[in-house]
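For reference, the structure is listed below as structure tokens.
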Amino acid sequence: DLARLHIQEMILSGSVHAGARITSREVSEAVGMSETPIREAMRGLASEGWLDFVPHIGMVVASIKDEQLAEFYAVRGAIEALAIELGGLSYTEAQLRDVDRNLAEAARAVAAKDIAAYARLNREFHFMLSDTPATQWTLKLLQNLWAQTAALRRGFEMVPIARIRASLDEHRAIR
């Protein structure tokens, strides 16, 4: 787990980028453990899409092609819709108040054109709707997909402010 978390943090922090090689020796030295559990962690991360194995090179940080991006977001959207379908009936009044607070803060972020704040609130919105007793597995899947989106630097930073306004409208319709 330590090796896995270290590699994920390297990717999420941007210290390694898509296509960059990651060696078991490098991670081993950083976390102070043998290379065997490191290689196992790397295989696990490869099976989840964080890393790719490239022959004659080794493990590299996964990248996604622009044409795959639509599929990536469609899959994430379908899982989020399923989470709402499965967990929606169990939302408490307190959870719905939190959603309303989130929407109000998101509206202020859009008005201020604060993309970073909106991106944080967007993620919070989706996680709030997916965090119910009936949707813990879908929540784990979503957390992994969201983390990969962040690692790929393919979030709202890449889109115009009009898309953020449309996203807020979509959130209001979901509510």
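Overview of values
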| read-out | value |
| --- | --- |
| Unique match (being over 16 Å from the mean Cα position of the chain (by Cα) and either at pLDDT below 95 or under 30 Å from R21 (Cβ atoms) (or both)) among A70, A41 | A41 |
| Filtered residues of the range 80-92 (kept if in contact with a Ser or Thr (Cβ under 8 Å, 6 or more places away or on another chain) and open to solvent by 30 Å² or more (accessible area, probe 1.4 Å)) | L82, I84, L86, S90, Y91 |
| Qualifying residue in the range 5-21 (condition: within 18 Å of L145 (Cα to Cα), among the basic types (K, R) and surrounded by fewer than 16 Cβ atoms within 10 Å (Cβ to Cβ)) | no |
| Filtered residues of the range 96-105 (kept if surrounded by 15 or more Cβ atoms within 10 Å (Cβ to Cβ) and more than 16 Å from S167 (Cα to Cα)) | D98 |
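The values are calculated or read from the model by the stated rules, or taken from the named source; none is laboratory data. Computed from a prediction, not measured in an experiment: that's the story for all the values here. Using ideal geometry, Cβ is built from the backbone for each residue, glycine included, and neighbour counts are taken over all protein chains shown. Quick note on the areas: whole protein, heavy atoms, side chains included, nothing else; ligands and nucleic acids left out. Shrake-Rupley method; radii C 1.70, N 1.55, O 1.52, S 1.80 Å.
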